[in-house]
1. What 222 nm value per residue comes from the helices of the chain, counting each DSSP H run with n ≥ 4 as -39,500 (n - 2.57) and dividing by all residues, nearest 500 deg cm²/dmol?
2. Pick from 80, 70, 154: which residue has the top mean-square fluctuation in a GNM of the chain where Cα pairs under 10 Å get a spring?
3. Using the alpha carbon gyration tensor of the range 134-222, what are the three equivalent-ellipsoid semi-axes (square root of 5 times each eigenvalue), largest first, in whole Å?
4. Over the Cα atoms of the chain, what radius of gyration and what Dmax do you get, in Å?
5. Looking at the chain, what % of its DSSP beta bridges pair antiparallel, to the nearest 5?
6. Could you give P(r) for the range 41-139, binned at 10 Å from zero, as whole percent values over all Cα-Cα pairs?
7. Rounded, prolate or oblate: which one fits the range 137-185, using the alpha carbon gyration tensor with axes a ≥ b ≥ c (rounded when a/c is under 1.5, else prolate when a/b beats b/c, else oblate)?
8. How would you rank 15, 225, going from fewest to most other Cβ atoms within 10 Å of each one's own Cβ?
């Protein structure tokens, strides 16, 4: 956590989903690994998939088959992966330690919170519906909710509109550089997390975030709340 960094007048906190609030890597890995096994290839450990979990189908198929989006079979394989993931996406996914308590603290302080993810609504809606903690979210914006996905700022601005909070009073928290790029472009304070999927492989200090945290419990001390105007 950057020493001395605090955000004054915070009215809303927005979060990325995968790698920030929830650890979905085991289910994402299982969806791709089952494709390997079905083709007679040996299973790979989840830890090989984990660093690329934030990249979704592209990342998982890249690990499982060395396949890029330019491959002739990528679209067909991606849909197979999506169908596999739909069947298993709540079986192994876990909430990161401290997240429920953090969200409860925000709600108790009168601070709105929401989710902005690049996951499509096809997956975001059933996944968040299956986890009771998301019932208090004031906005859940998916990768296909608006015409643009992160790193474009529009999904974050849409979330701010849904919360009726000015973007300058929002903090955006995420584990990927595109989260920080989007947050900065939206005029929000930004927090990079290192416990997600890319933190150990990337120098998050180069992303330009206003602050960096190594665990969920480090976020709340950064926030100075104010009531909505």
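1. Details: 8 runs with 81 residues, N = 229.
Only helices count here, giving -10500 deg cm²/dmol.
2. Maximum among the listed residues: 70.
3. Details: eigenvalues 89, 44, 31 Å².
In descending order, the three semi-axes are 21, 15, 12 Å.
4. Cα radius of gyration and Dmax of the chain are 17.5, 60 Å respectively.
5. Details: 2 of 23 bridges.
If we restrict to bridges inside the chain, about 10 percent are antiparallel.
6. Spelled out bin by bin, the range 41-139 gives 12, 39, 30, 15, 4, 0 percent.
7. On the way: a/c = 1.62, a/b = 1.17, b/c = 1.38.
Because a/c hits 1.5 or more and a/b fails to exceed b/c, the range 137-185 counts as oblate.
8. Working: 15 26, 225 17.
Fewest to most other Cβ atoms nearby, the residues stand as 225, 15.
Each reported figure results from applying straightforward, stated rules to the coordinates on display, with no laboratory input. Keep in mind that this is a model prediction, so the values were computed, not measured. In this analysis, Cβ positions are derived from the backbone assuming ideal geometry, glycine residues included, and neighbour counts consider all displayed protein chains.
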